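Heads up, the thing below is written out as structure tokens.
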Amino acid sequence: MYKEFDKRVDEILAKLTLKQKIGQLNQIQQPLNVEQAELVKKWIKEGLVGSIIQAGTSTAGNDGQDGVRVDEFNEFQRIAVEESDSGIPLIFGRDVIHGHHTVMPIPLAGAAAFNPEITEKAYRCVAKEAAADNIHWTFSPMMDICTDPRWGRMVEGVGEDPYLASRVAEATIKGFQGDDLSDENSLAACAKHYLGYGFSEGGRDYHRTEISDYTLYNKVLPPFRASVAAGVATVMSSFNDINGQPVTSSKKYLTDILRGKLGFEGFVVTDWATVSRLVNQGVCENVRDSAKAAINAGVDMDMVSKTFMNELESLVLSGEVSEDIIDEAVRRVLRIKIAKGLFERPYCAEREIDMQEHIAVSREFAAESMVLLKNNGVLPLKNEGTVALAGPMLRAKRELLGTWVLDGKADIAPSFLEAFSSVAGENIKIITDKGSTVLDDSLAPFYNSDVIVLALGESHEVTGEARSVADISISKSQVELAKWAKSLGKKTVGVLFCGRPLALSEIEPYLDGILCAWHCGTETATAAAEILFGDRVPCGKTPVTFPRCTGQIPIYYNSTVAITGVCSYYGQAAERSYCDMLGTPLYPFGFGLSYTKFNISAISCNKTEIPLADIKNGESFVFSVDVANVGEFDGKETVQLYIHDKISSIMRPVRELKGFKKVLIKKGETANIEFNIGKTHLGFYGNNGEYLLEKGEFDIFVGGNCLTNNKITVKVI
Ligand code: BGC
């Protein structure tokens, strides 16, 4: 799709010197002081710079960052366009991960919404805000499938399922890039981290990975395939190695698979200084070798290591790198600069943004993302009586925004205490812990409450890049707090503000209700309070399994059977489990309660069998269910369809998500939901990456989470 610009690209390319071409492949870090700024201006004038990343440090997501500098970057652009010989505009990148000034839910929470429409709408708001601050390009979405919540970066991804991840990828890219990438409100997106970074061993960040081709093609690649099909402009090569091969020096991953099999036409940027780090990884002797390895593998732009800037020219002159390879990389960068409209509109003009509208979208997205994990009738709260509030997250603001928030404003995010008080209204008396974080006398008035609501969870500081944890259990002090609250004989609700599925088995028995509110951005607290009071009906479903304890990791729903048979799936057979812990998860993938109740009818299908040749020609099964809202509230249900390919040449997972629909159903009403399941759903990838469609029996499950037993069997003959 970006090749359509190649005529113009080639005209520009023909006029460039080798030095100017290499300049297009060089992304530098934003200057941190006046001297650096002068040097940057000189480089730009000489045509040595193609892009600037607006980040002050290598772990921008966790270090405080300077705000964006619109005027200074307009000046850099002026020098590039008006004073450099090539006149090619710069492309400015920044990590606009899940929000800019207005912050949306962390991506993991956003996936829990199971709602591509709100996802796209939210990322459109994010793009508008960031584009107005002279940002052209974001390093998002992150598409790393991950089954290890110890890894701090699970927060930035979409959980454990490739089908859901693919739908989220499409929606996020559509939101960022809009219908037209050249629109002044659009950002070029970047699918990252290509490839396999989410499999970092032991959840230790930047660690090695061991990924079979089977897992690679069936789990790790699909969201990248979907991103490319959705027109993502750029892809980031990841830090990690796969089976000993760093991705950044891998022709197999960057050229043969990404461009060959997936058809990617945009450009590949490395992760931070990843080219020079090939030396640390021990596959290159020096940075000259690493520049050669990376460009020959298929990297187009070197993020901040300046290795391309310093080494490529002499590598070409000595014949070690062909100029054709350089031309091809420049071509890809120019395609995106043209597609982004930078030649027509290089500068950022001041404009008004409707922040109120974005905050409203943020609240809606947050409410869609929150997952009600437990409710024994305590929720929604009654609009009367006395509610006691305590817990370490009660007054938190910055924490609720989540990690990777470079420009978000914590002061406009209400704390849970503030939001709860304002949503509660006058009928409710609120008493609080008065700021005490320990169990002391200040909590004595809690004896007089009707319900205790605890604001629990973890700080954003233990999530994100280089912030892994060895133990995902909720802290002991929070368990003690819940135990104490329960010992008063009060109904107790836990609201969890977190960036990963915490292990809750120790605290769960003391809580009558648990709302997983995640770190949902600016409107986290208000959305959570509105759900607690029933102003909104919870409708999120978890995109990741909640283990009972850290030792169960990895536990994920889309696994194959163990040798003992189907019932051993997901830890359900004792012999496949542990002696000291149940094998099942605390909450399975796709799980989430509502205040209302949905009955899903038996599945019907238009056919019992279809010949394989017809499936290959596009024929599909149409599965249908009726979903009745038989409860007391209007509410949304996410109806999920899973398949099990019962006999196949390679073992297939017992459940695989292949469709979902989120529908609002009024109380007393019934909705009919249909799913078309055909060739893109029934096949899988073999070890060489070939897509295989085979004859056989398929169990099809439709229900409200991955453990549904509502099933029908069809055949491909
Ligand atoms: C992270 C990337 C990020 C880049 C630029 C790296 O350390 O891994 O996700 O986009 O820095 O800030």
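The values are calculated or read from the model by the stated rules, or taken from the named source; none is laboratory data. None of these values were measured; they are calculated from a predicted model. Because the Cβ atoms are built from the backbone with ideal geometry, glycine has one as well, and the counts that use them run over all protein chains shown. All accessible areas refer to the heavy atoms of the entire protein, side chains included, with ligands and DNA or RNA removed. Shrake-Rupley method; radii C 1.70, N 1.55, O 1.52, S 1.80 Å.
A compact table of results
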read-out	value
Every residue from the range 674-695 that is assigned to a strand (DSSP E or B) and either of a type in the set (D, E) or buried (at least 16 other Cβ atoms within 10 Å of the Cβ) (or both)	E674, F675, I677, F684, Y685
Where a residue in the range 268-282 is within 13 Å of the ligand (Cβ to nearest atom) and its partner, wherever it lies, is modelled with pLDDT under 95, with Cβ under 9 Å and at least six apart	W272/A55; W272/S58; W272/T59; W272/A60; A273/S58
Members of the range 162-191 found to be assigned to a loop (DSSP other than H, G, I, E, B) and either open to solvent by 10 Å² or more (accessible area, probe 1.4 Å) or within 16 Å of the ligand (Cβ to nearest atom) (or both), listed by number	G178, D179, D180, L181, S182, D183, E184, N185, L187, A189
Every pair of residues 6+ apart whose Cβ atoms lie under 8 Å, when the first sits in the range 87-102 and is free of Cβ contacts under 8 Å to residues at least 12 places away in the same chain while the second is more than 10 Å from the ligand (Cβ to nearest atom) and hydrophobic (A, V, I, L, M, F, W, C)	G87/A80; G87/V81
Wholly within the range 221-314, helices (runs of 4 or more DSSP H) carrying at least 2 residues that are surrounded by 23 or more Cβ atoms within 10 Å (Cβ to Cβ)	222-229, 287-297
Search result, residues across the range 192-217 that are away from the ligand (no atom under 16 Å from the Cβ) and of a type in the set (G, A, S)	G202, S212
Cβ-Cβ under 7 Å pairs, at least 6 apart or on other chains, the range 41-57 side closer than 13 Å to E75 by Cα, far side in a loop (DSSP other than H, G, I, E, B) and small (G, A, S)	I44/S84; K45/S84
Those helices (runs of 4 or more DSSP H) lying entirely in the range 1-47 with at least 1 residues under 16 Å from V333 (Cα atoms) and of a type in the set (V, I, T)	6-14, 18-24
Condition met for F589 (within 20 Å of K374 (Cβ to Cβ) and of a type outside the set (A, V, I, L, M))	yes
Subset of the range 484-505 [farther than 30 Å from V405 by Cα, among the aliphatic types (A, V, I, L, M) and either modelled with pLDDT of 95 or more or surrounded by fewer than 24 Cβ atoms within 10 Å (Cβ to Cβ) (or both)]	L488
Answer residue from the range 630-673, given it is modelled with pLDDT under 95 and among the hydrophobic types (A, V, I, L, M, F, W, C) and is least open to solvent (accessible area, probe 1.4 Å) among those	V654
The range 51-95, subset more than 16 Å from the ligand (Cβ to nearest atom) and in a loop (DSSP other than H, G, I, E, B), residue most open to solvent (accessible area, probe 1.4 Å)	D85
Any hit, the range 121-134, residues being surrounded by fewer than 21 Cβ atoms within 10 Å (Cβ to Cβ) and of a type in the set (A, V, I, L, M, F, W, C)	yes
Residue in the range 479-489 that is of a type in the set (K, R) and under 30 Å from R652 (Cβ atoms) present	no
Among residues of the range 456-491, those that are hydroxyl-bearing (S, T, Y), within 16 Å of the ligand (Cβ to nearest atom) and either more than 14 Å from E399 (Cβ to Cβ) or not in a loop (DSSP other than H, G, I, E, B) (or both), counted	1
Meets criteria (under 19 Å from G521 (Cβ atoms), among the aromatic types (F, W, Y) and out of contact with any Phe, Trp or Tyr (no Cβ under 8 Å at 6 or more places or on another chain)) for F176	no
Subset of the range 636-683 (residues that are over 27 Å from the mean Cα position of the chain (by Cα) and under 17 Å from N709 (Cα atoms))	D645, K646
Meets criteria (in contact with a helix residue (DSSP H, G or I) (Cβ under 9 Å, 6 or more places away or on another chain), within 16 Å of the ligand (Cβ to nearest atom) and free of Cβ contacts under 8 Å to residues at least 60 places away in the same chain) for V228	no
Complete set of residues in the range 608-642 that are touching a Cys at 6+ places or on another chain (Cβ under 9 Å) and not polar (S, T, N, Q)	F621, V622, F623, G635, K636, E637, Y642
Residue that is surrounded by 24 or more Cβ atoms within 10 Å (Cβ to Cβ) and over 21 Å from the mean Cα position of the chain (by Cα), where the choices are A388, A396	A388
All positions within the range 595-614 that are out of contact with any Asp or Glu (no Cβ under 7 Å at 6 or more places or on another chain), open to solvent by 30 Å² or more (accessible area, probe 1.4 Å) and in a loop (DSSP other than H, G, I, E, B)	K597, A602, N606, K607, T608, P611
